[in-house]
Amino acid sequence: MWKEYAKSDSRYMQGGTGNFAPVLAQEASTVFVVGPLCWLTIYAMWTRRSAVRELSQLAASVMHMQSVLLYFGAELLAREPSCRPEPQYFYMYF
């Protein structure tokens, strides 16, 4: 999977370097925090608990927006861009 991501963003292939650590931290927070929040949202929708659903949905959405802003913000501030600008990589992978 990382090889496929690396086609659009070379930071995924820079295993031990400084550029990869923020990407790895972001992916880990998505998997271990946002993922369970999404499952909690689905469960709350299924059991019709609107307060839990709204809170978990809001938290997951805000965390996802923060993740996207950090991801693209780091790319905009980088001296050497690592994302490919071709539309098929930019729009299909992001």
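With a Förster radius of 41 Å applied to the C-beta separation of Met45 and Leu76, the computed FRET efficiency comes to 0.70.
Length gained on full extension, Thr30 to Ser61, computed as 0.36 nm times the residue gap minus the Cα-Cα distance: 10.1 nm.
No lab work stands behind these numbers, since they all come straight from the coordinates. What you are looking at is a predicted structure, and each value in this text was computed from that prediction instead of being measured. Counting neighbours? That spans all protein chains shown, and the Cβs are built from the backbone with ideal geometry, glycine included.
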